[in-house]
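**Q** I have a structure here, written as structure tokens, and I will follow up with some questions on it.
The values are calculated or read from the model by the stated rules, or taken from the named source; none is laboratory data. Owing to the predicted nature of the structure, the values given are computational and were not obtained by experimental measurement. Using ideal geometry, Cβ is built from the backbone for each residue, glycine included, and neighbour counts are taken over all protein chains shown. When the accessible area is computed, the model is the full protein with side chains, heavy atoms only, and any ligands, DNA or RNA have been set aside. Shrake-Rupley method; radii C 1.70, N 1.55, O 1.52, S 1.80 Å.
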Amino acid sequence: MKTIGILGGMSAASTQIYYRELCALTKQRLGGLHSPELLIRSLDFAHIETLQKSGQWDEAGEVLNREATALENGGADFIILATNTMHKLAEQMMQGVSIPLLHIADATAFAIQERGLRAPGLMATAFTMEQSFYLDRLKVAGLEPIVPNAADRAATHQIIYEELCRGIVTEESEAAYVSIAARLETRGADCLILGCTEVGMLLNESNVPIPVFDTTLIHCNAALDMALGV
């Protein structure tokens, strides 16, 4: 089994989901006392969020590059970045790093294509919904992503940072997210990408009428495939 390097802490809530899911998936596949070989570097999200808010992306990229290098030096065979938004800096993060990065958008696009779908709605941080680094990756894969309107984007982003990243889950926010997902379906979305690693705390197949693609779970499955050589 290869060693998975997880660069997380952005937020801590999502990194906890990664650890839990990777352990559960390994147990399902291998049984017995098996668990995944992991190296985890979890950052202080308060610092990263400050850099995001102030537009200091180069500085944030330097942080990620330093930590990716540390994971390689620690013995990781490949890296997963346990956040969608910070894939904005994937290229800078991997400069000088010789082990591969398993990109979350690539894994998600492949999962959608396998189901024969093509027009995913995308709910994520404003950075992910409004900038090209993620949407273009989906388009290159042949998909036609649909993002929420401006008001819905603002609400989605606010709930992520003010609640989900802090581990707060409320019925009101769940209802808001369900409504946003429904509006995306009305506009032609044939499935929904939970494009922030915390969005799955509110949305899943039970409260969304179209197929749901939870990027965290997809990323974990793809990482375990890679670790096991599947």
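**Q** So which residues in the stretch 117-153 are part of a loop (DSSP other than H, G, I, E, B), farther than 15 Å from residue 192 by Cβ and open to solvent by less than 40 Å² (accessible area, probe 1.4 Å), if there are any at all?
**A** Those that are part of a loop (DSSP other than H, G, I, E, B), farther than 15 Å from residue 192 by Cβ and open to solvent by less than 40 Å² (accessible area, probe 1.4 Å): 125, 141.
**Q** Now for a different question. For the stretch 18-37, enumerate the residues that are surrounded by fewer than 21 Cβ atoms within 10 Å (Cβ to Cβ) and either under 16 Å from the mean Cα position of the chain (by Cα) or in a strand (DSSP E or B) (or both).
**A** Answer for the stretch 18-37, where residues must be surrounded by fewer than 21 Cβ atoms within 10 Å (Cβ to Cβ) and either under 16 Å from the mean Cα position of the chain (by Cα) or in a strand (DSSP E or B) (or both): 19, 20, 21.
**Q** Please state which one of 94, 1 is closer than 25 Å to residue 134 by Cα and either of a type outside the set (Val, Ile, Thr) or at pLDDT 95 or above (or both).
**A** 94
**Q** Can you name every residue in the stretch 2-12 that is more than 14 Å from residue 222 (Cα to Cα) and either surrounded by 19 or more Cβ atoms within 10 Å (Cβ to Cβ) or outside the structural domain of residue 89 (by the TED database) (or both)?
**A** Here is the first cut: in the stretch 2-12, the ones more than 14 Å from residue 222 (Cα to Cα) are 7-12.
Hits for the stretch 2-12 are 7, 8, 9, 10, 11.
**Q** In addition: In the stretch 95-106, what count of residues is obtained for those that are open to solvent by less than 30 Å² (accessible area, probe 1.4 Å), under 15 Å from residue 66 (Cα atoms) and without any contact (Cβ under 8 Å) to a residue 60 or more places away in the chain?
**A** Residues flagged as open to solvent by less than 30 Å² (accessible area, probe 1.4 Å), under 15 Å from residue 66 (Cα atoms) and without any contact (Cβ under 8 Å) to a residue 60 or more places away in the chain within the stretch 95-106 amount to 1.
**Q** Determine, yes or no, whether residue 66 is open to solvent by 40 Å² or more (accessible area, probe 1.4 Å) and more than 16 Å from residue 223 (Cα to Cα).
**A** Against the criterion (open to solvent by 40 Å² or more (accessible area, probe 1.4 Å) and more than 16 Å from residue 223 (Cα to Cα)), residue 66 qualifies.
**Q** Which residues, counting only those in the stretch 200-222, are among the hydroxyl-bearing types (Ser, Thr, Tyr) and open to solvent by 30 Å² or more (accessible area, probe 1.4 Å)?
**A** The answer is 206, and nothing else.
**Q** Could you please let me know if residue 46 is assigned to a helix (DSSP H, G or I), open to solvent by less than 40 Å² (accessible area, probe 1.4 Å), over 18 Å from residue 221 (Cβ atoms) and not charged (D, E, K, R)?
**A** Criteria not met by residue 46.
**Q** A further question on this structure: Just to be sure before I move on: is residue 40 of a type outside the set (Gly, Ala, Ser) and either in contact with an Asp or Glu (Cβ under 7 Å, 6 or more places away or on another chain) or open to solvent by less than 70 Å² (accessible area, probe 1.4 Å) (or both) in the structure I sent?
**A** When the stated conditions are applied, residue 40 does not pass them.
**Q** Hey, can you tell me all the residues within the stretch 49-63 that are open to solvent by 40 Å² or more (accessible area, probe 1.4 Å) and either touching a Ser or Thr at 6+ places or on another chain (Cβ under 9 Å) or acidic (Asp, Glu) (or both)?
**A** 49, 56, 58, 59, 62
**Q** Determine whether residue 156 is among the polar types (S, T, N, Q) and not in a helix (DSSP H, G or I).
**A** no
**Q** Suppose we keep only residues that are in contact (Cβ under 8 Å) with a residue 12 or more places away in the chain and farther than 14 Å from residue 194 by Cβ within the stretch 158-168. Which one would you say is most open to solvent (accessible area, probe 1.4 Å)? Steps first, please.
**A** Of the residues in the stretch 158-168, the ones in contact (Cβ under 8 Å) with a residue 12 or more places away in the chain are 159-161, 164-167.
Then drop every residue that is not farther than 14 Å from residue 194 by Cβ, which leaves 161, 165-167.
Numbers: 161: 36, 165: 28, 166: 168, 167: 49 Å².
Once the filter is applied, the top-ranked residue is 166.
**Q** Also, quick follow-up: Within the stretch 177-199, which residues are open to solvent by less than 10 Å² (accessible area, probe 1.4 Å) and among the small types (Gly, Ala, Ser)?
**A** Once the filter is applied, which keeps residues that are open to solvent by less than 10 Å² (accessible area, probe 1.4 Å) and among the small types (Gly, Ala, Ser), the stretch 177-199 yields 181, 189, 195.
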